[in-house]
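Reading through the structure tokens given below for one structure.
Read-outs: derived from the displayed coordinates by stated rules, not from any lab. Since the structure is predicted, the reported quantities are computational estimates derived from the model, not experimental observations. Heads up, the Cβs are rebuilt from the backbone with ideal geometry, glycines too, and the neighbour counts pull from every protein chain shown.
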2 protein chains.
Amino acid sequence: MTDGLIGAIEAGGTKFVCALARFDGAIVARTRIATRTPAECFPDVAAFFAAAPAPIAAFGVASFGPIDIDPASPAYGTFTTTPKPGWQGARFHDVLGSFGVPIVVDTDVNGAAIGEWLQGAGQGTRTLAYTTIGTGVGTGVLRDGHALMGFSHYEMGHIHPGRDAAIDPFAGDCPYHSDCLEGLVAGPAIIKRWGTSLDQLADDRAKIDLIGGYIADLAANLVLMHMPDRLIFGGGVAKAPGLIEAVRHRTAARLNGYVKNPRLDPGLETYIVTPRLGDDAGITGAIELGRHALRQT
Amino acid sequence: MTDGLIGAIEAGGTKFVCALARFDGAIVARTRIATRTPAECFPDVAAFFAAAPAPIAAFGVASFGPIDIDPASPAYGTFTTTPKPGWQGARFHDVLGSFGVPIVVDTDVNGAAIGEWLQGAGQGTRTLAYTTIGTGVGTGVLRDGHALMGFSHYEMGHIHPGRDAAIDPFAGDCPYHSDCLEGLVAGPAIIKRWGTSLDQLADDRAKIDLIGGYIADLAANLVLMHMPDRLIFGGGVAKAPGLIEAVRHRTAARLNGYVKNPRLDPGLETYIVTPRLGDDAGITGAIELGRHALRQT
């Protein structure tokens, strides 16, 4: 199994990153395709992979969602309830199936988690939680490099941190839950609340602390409900100066020493971390998903 | 592999249930041993299994904790930070190791979850969450009949539902977190708050609703963070009349239709349920853990 290539797609809301990689992960070709309707962008995706310089042995896809990621489901790889025009019911197998090779589909956040696990801040962990806080909030949890799921991928952005209206009068902007985590800390919520992004508010300790406290609710729940070896927080909001420190501080306060384990270092500085791969996490994870597909055959 | 027996232990804080079962699960002998120090009760345990009418092929143990349940750990099967006199550092292999057969150790809540998955209210599920609400609060999550874990078993009783002091002035009684879930809804907390157990308060809808709302915080988190096919709530507190209905109602309100899946029926009556095996769940799960041990060899 030394010749052949892996086809990888990181499918995001604004662009698809498509890559061809050798089995060792080295990328031999790469392109960006603007996300439009499937009818508009799938042909570009097909054309890129059709021009591969060697046979494609498997595909790995890390995609925006919601999408069916249960390999046992007849709708595996199909977009479900997304409001994105044209995407509900679209399926990656529609564009990749004609290659006749195995396809593994997972979520974008699980893909980034896998990337960080393989080559980034999650290296060496058995159980890893990777959270992205950007236009939305999502978490992927890996066990031995594979994403956990139940009947669907997780939706942790919608947990409810418990807002104290006397301290934080902003009612939240999630259309389903108002003040769930995503409704309080995602990028659009922060702009709606303060008129600017969190990185512009880094000098305002109270604001950083407020957002950090909400995120710490997720962090503490992750510890108690998944016991990961490490927590990674990425995405645009997580880059705000001082935020990761606030998350560490508030998580430690919440747990209050109850979980005794050397992984949880006193200041949580090695336990709660930022990503290392940056924009490459997703495509790195997608290539690894292609490797999963190869191993299954 | 048709002869031989499985040795099973359900180790609780007040008693050990020990059983000898055929591989098909039929119990051929069973005893109760009062939980004292390991030095006092381990010899009784050893004597029971030494008198087995056929060779023992494997042991399954479902135990109170905290206990190391990571098979890869050198301390597998060892009690860790329990305040119970004599138990810290005690190990099931101390009493069972001399039989020279494989031993699988898991928590009591994971054991009960496995029992309900195999023969009770969790039958037919791939991902199952079983929560017990009694003297403490704990949840086990199974995937295909095996308990999930991270660097340790989960500790979901210590999540923080967010108490509104204007509605509920009781500050909670968890020594680590005051008003975490266990500090608000476990049996001792309810007695401390209202002077009686919750089943005596079944006519007081506001009280049932308050406790149900806290438990619904765990239920909603379980959905968003594990996506189980079903949630079981057992234990003494969960038996209070009207409580499971309150949990269903408050969980549905919290999720507010966001998670669309046929498993979540409109009233959550088939999604959030009570156990079916009663007191037999633990030993049934322990026997199944013994089967896991057999499969690993």
> For label points placed 7 Å from Cα toward Cβ, what is the shortest-first list of nm distances from A:Arg36 to its copies?
Replying inline: 8.1
> How big is the stretch A:8-103 in terms of Cα radius of gyration and Dmax, in angstroms?
Replying inline: 12.9, 37
> Can you tell which of B:Met149, B:Tyr176, B:Gly213 lies farthest toward the positive end of the dipole of the stretch B:118-220, using +1 and -1 charges on the Cβ of basic and acidic side chains (Lys, Arg; Asp, Glu)?
Replying inline: B:Met149
> How far is B:Gly195 from itself in the other copies, in nm, if each label sits 7 Å out from Cα along the Cα-Cβ line, shortest first?
Replying inline: 5.5
> Summing Lys, Arg as +1 and Asp, Glu as -1, what charge do residues with Cβ under 13 Å from the Cβ of B:Glu10 carry, B:Glu10 excluded?
Replying inline: -2
> When the scattering of the stretch B:192-289 is computed by the Debye formula from its Cα atoms alone, each counted once and equally, what is log10 I(q)/I(0) at q = 0.19 Å⁻¹?
Replying inline: -0.94
> B:Gly138's amide H: which non-local residues (gap 5+, or another chain) put their own amide H closer than 5 Å, with H modeled 1.01 Å from N in plane and none for Pro or chain starts?
Replying inline: B:Thr132
> Can you list, shortest first and in nm, the gaps between the label point of B:Glu269 and those of its counterparts in the other copies, using a point 7 Å from Cα in the C-beta direction?
Replying inline: 5.7
>> In Å, what Kirkwood hydrodynamic radius results for the protein assembly as shown from the alpha-carbon pair distances?
In response: 25.3
> Just which residue of chain B brings its Cβ nearest the axis of rotation onto chain A, and by how many angstrom, rounded whole?
Replying inline: B:Gly162, 1
> Between the stretch B:64-111 and the stretch A:19-80, what's the alpha-carbon centroid distance in Å?
Replying inline: 46
>> Just to confirm my numbers, what's the Cα centroid distance between the stretch A:230-274 and the stretch B:120-163 in Å?
In response: 24
